[in-house]
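> Below is one structure. I have some questions about it.
Since every read-out is calculated from the coordinates, none of them should be taken as a lab result. Every value quoted in this text rests on a predicted model; they were computed, and no experiment measured them. Please note: Cβ atoms are built from the backbone with ideal geometry, for glycine as well, and neighbour counts cover all protein chains shown.
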Amino acid sequence: MKITYINHSGFLVETKDCYYIFDYYKGELPTLDKSKGVVELCSHFHPDHFNPKIFEILNNMDMKYQAVIVLSAQKIRLILWAISTMFIPYDV
């Protein structure tokens, strides 16, 4: 697993098969592997934690992305734990 700080509250988490982008606000993304999917996660809809420009960026990079999920801090911790153990529960 590789974690990259993007800007402000934004992070990119790269696993073997997927990228997870948390709370994108602004900043440059590194070059992404097009064979991996992207999941965009947003903890809440404040402008400094969600910027819809991320979809334009991902489209320009020709990346396939899955969803935007608004999460509580507890769910974010659960997802980070699941990613770190490579176990993704279905009820998140």
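> Taking a 20 Å limit on the Cα-Cα distance, which of the listed pairs K2/K36; K16/K53; K34/K75; K16/K36; K53/K75 fall beyond it?
Beyond 20 Å between Cα atoms: K16/K53; K34/K75; K53/K75.
> So for the chain, taking the charge dipole from beta-carbon charges (+1 Lys/Arg, -1 Asp/Glu), which of T31, A82, Y65 sits furthest toward the positive end?
The residue sitting most towards the positive pole is A82.
> Can you tell me, using C-alpha contacts under 8 Å and at least 6 residues apart, the relative contact order of the chain as a whole percent?
Relative contact order, the chain: 22 percent.
> Taking the Cα-to-Cβ direction at T31 and at I3 and moving 7 Å from each Cα, how far apart do the two end points lie in nm?
Distance between label points: 2.6 nm.
> Continuing with the same structure: Sum -39500 (n - 2.57) across every DSSP H segment of at least 4 residues in the chain, then divide by the residue count to get the 222 nm mean residue ellipticity, nearest 500.
-7000 deg cm²/dmol
> Scan around S43 for amide H atoms under 5 Å from its own, H built in the peptide plane at 1.01 Å from N, and keep only partners 5 or more places away or cross-chain.
D23, L71
> Find how much the distance from H46 to N60 grows on full extension, using 0.36 nm per residue of separation minus their present alpha carbon separation; answer in nm with one decimal.
2.6 nm
> Calculate how many DSSP beta bridges within the chain are antiparallel, expressed in % of all such bridges and rounded to the nearest 5.
50
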